[in-house]
Structures are given as C-alpha cells and as structure tokens.
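The values are calculated or read from the model by the stated rules, or taken from the named source; none is laboratory data. Not measured: the values here are computed from a predicted model. Cβ coordinates were reconstructed from backbone atoms using ideal geometry, including for glycine residues, and neighbour counts include every protein chain displayed.
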Amino acid sequence: DTGVSQDPRHKITKRGQNVTFRCDPISEHNRLYWYRQTLGQGPEFLTYFQNEAQLEKSRLLSDRFSAERPKGSFSTLEIQRTEQGDSAMYLCASSPGRAGTDTQYFGPGTRLTVL
Amino acid sequence: QKEVEQDPGPLSVPEGAIVSLNCTYSNSAFQYFMWYRQYSRKGPELLMYTYSSGNKEDGRFTAQVDKSSKYISLFIRDSQPSDSATYLCAMSAWQAGTALIFGKGTTLSVSS
C-alpha cells in the first residue's frame, strides 16, 4: 500500500474564493472519510463515503461544503465562498470496509489558510 | 461535557521514562478504541486498536480499556525522543463505516 495521499498539501486563499482538495485512498479501500482539525483540537468528522455513495454528513458540513467520490476511488472536497473560520487542516482517511478490524488510515492532510 | 476528554498537556519526560496517557468518555455505546500518534503538521498515524475492555500490548506500547469506568490508557515504556508527538485517543460505537470521535490530543516531549 502506498498510503492515503492528499493534494495540495498547503493552500492559501483569500476570503470568498472557492477551493477544492483531492484525496486518493489506499488502493481497494471501500470507505473514505473527511475530517477537519483545528489547532489544539482533535480531528472532527465531516463526511463519509462507502464506494461512491455519501452515507453520512456531519452538521459541521455547511451548505458551502460539498464532497464527491464519483467513481468510488478518489474524492474531492470543495469549499465555496471560503471564510476565515474555514482555516484548518483537512484530513482524509480510508478503511478497507471488511468484516473484523476496519481501522481508518489517515493521509498527511491539506492545510488551508484563508486570509 | 464533551464526549471524549483528554488532557492536552504538555507532558515532558526524560528518555527512558514510562509514559501514561489517558482519556475519559461519556458515551457508554463506544466499543472500539484507538490511539493515534501525530507529528507536527502531519496526519495521524494509527498506533493501537482495542475492542471492548482489556489490555493490548505491541512492543513498547500497551493500551488498556476500562469500560466500567469509561477510561482508556496508553502506556509507553522506555520512551525515546522519537516518541515526541501528539497522542490522540479516538473511539466509535460501531466497527466500521462510522465517524471516529477524537480527544483533543496530549502533546508529549521526551528529552534525551
């Protein structure tokens, strides 16, 4: 396994701009998760996919946030009309989706700074 | 009260010390308990995974779960400077396909 990869690693944007992040999960992992982590806090769940279906969304995922996993492989997270409060580390995780231990493996994250 | 409470530290110990990290939780439905290690500006790395109560050992790391007290611990023996990181506890009620609930993380510094 090559691990979960995320792109870009860093993004600086101005308030009001749209941004899009990409996550490539571990090969053949069926489940994919997005989390957000702010300084001094643990990751907070945003949304989850089983293959291409988005099965769960947190109340943290406002209307300005949208996530897709069109072919059940990579996923994108888009934030529209960014606000300074969106500045955070956005983490992607994947899990195999098999019976037994189904642990989540995290990527390196995308650090977003909104000016 | 947050679902998962974790003292953020910082915790500073000399090399070779035994480190004890802890979390408490309020949701009795939690059954799956994990410890992740996170280096500065990196993603969390899974260290230990435990189901229900009991102990699990892996090298220098031991994870303990006491469901009756809603309390979990991670022990690190013979701590090394490379163990300096933030340690996050995480838990969930279901085995798969569910959000992990994290503590804030405890920052550990091991000095040589």
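Restricting attention to the range B:82-112, which residues are at the interface with chain A (Cβ under 7 Å from one of its Cβ atoms), of a type outside the set (A, V, I, L, M, F, W, C) and more than 24 Å from residue A:51 (Cα to Cα)?
Step one: list which residues in the range B:82-112 are at the interface with chain A (Cβ under 7 Å from one of its Cβ atoms), which gives B:88, B:95-97, B:99-100, B:102-105.
Then keep just the ones that are of a type outside the set (A, V, I, L, M, F, W, C); that gives B:95, B:97, B:103-105.
Result: B:103, B:104, B:105.
Could you run through the range A:84-107 and say how many residues are at pLDDT 95 or above and facing chain B (nearest Cβ under 7 Å)?
3
Output the residues belonging to the range B:15-49 that are in contact (Cβ under 8 Å) with a residue 60 or more places away in the chain, closer than 25 Å to residue B:109 by Cβ and part of a loop (DSSP other than H, G, I, E, B).
The answer is B:15, B:16, B:17, B:18.
Would you confirm, using the coordinates I've provided, whether residue B:68 is more than 13 Å from the chain's Cα centre (by Cα), surrounded by 13 or more Cβ atoms within 10 Å (Cβ to Cβ) and in a loop (DSSP other than H, G, I, E, B)? Explain how you work it out, then say what you get.
Working: more than 13 Å from the chain's Cα centre (by Cα): yes; surrounded by 13 or more Cβ atoms within 10 Å (Cβ to Cβ): no; in a loop (DSSP other than H, G, I, E, B): yes.
So residue B:68 does not fit the description; no.
Looking at the structure I just gave you, is residue B:19 touching an Asp or Glu at 6+ places or on another chain (Cβ under 6 Å) and more than 11 Å from chain A (Cβ to nearest Cβ)?
Values: touching an Asp or Glu at 6+ places or on another chain (Cβ under 6 Å): no; more than 11 Å from chain A (Cβ to nearest Cβ): yes.
No; evaluated as a whole, the condition is false for this residue.
When you check residue A:6 against the structure, is it within 10 Å of another protein chain (Cβ to nearest Cβ) and modelled with pLDDT of 95 or more, yes or no? If you could, list the steps in order and put the result at the bottom.
Working: within 10 Å of another protein chain (Cβ to nearest Cβ): yes; modelled with pLDDT of 95 or more: yes.
Spelling it out, residue A:6 is indeed within 10 Å of another protein chain (Cβ to nearest Cβ) and modelled with pLDDT of 95 or more.
Tally the residues that are loosely packed, with under 14 Cβ neighbours inside 10 Å and either closer than 29 Å to residue B:7 by Cβ or within 11 Å of another protein chain (Cβ to nearest Cβ) (or both), restricting the search to the range A:54-83.
Qualifying residue count, the range A:54-83: 3.
Would you mind stating whether residue B:88 is farther than 13 Å from residue A:104 by Cα and not in a loop (DSSP other than H, G, I, E, B)? Steps first, answer last, please.
Details: farther than 13 Å from residue A:104 by Cα: yes; not in a loop (DSSP other than H, G, I, E, B): yes.
Yes, satisfied.
Residue by residue, here is whether (1) within 14 Å of chain A (Cβ to nearest Cβ); (2) closer than 17 Å to residue A:103 by Cβ holds:
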residue: B:41; (1), (2): yes, no
residue: B:44; (1), (2): yes, yes
residue: B:47; (1), (2): yes, yes
residue: B:68; (1), (2): no, no
residue: B:80; (1), (2): no, no
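Could you figure out which of (1) modelled with pLDDT of 95 or more; (2) part of a loop (DSSP other than H, G, I, E, B); (3) loosely packed, with under 15 Cβ neighbours inside 10 Å isn't true of residue B:8?
(1)
Within the range A:29-38, can one find any residue that is under 14 Å from the mean Cα position of the chain (by Cα) and part of a loop (DSSP other than H, G, I, E, B)?
Our first condition is that a residue be under 14 Å from the mean Cα position of the chain (by Cα); within the range A:29-38, this holds for A:31-38.
Of the ones still in play, those that are also part of a loop (DSSP other than H, G, I, E, B) are A:38.
So far as the range A:29-38 goes, yes, one or more of its residues are under 14 Å from the mean Cα position of the chain (by Cα) and part of a loop (DSSP other than H, G, I, E, B).
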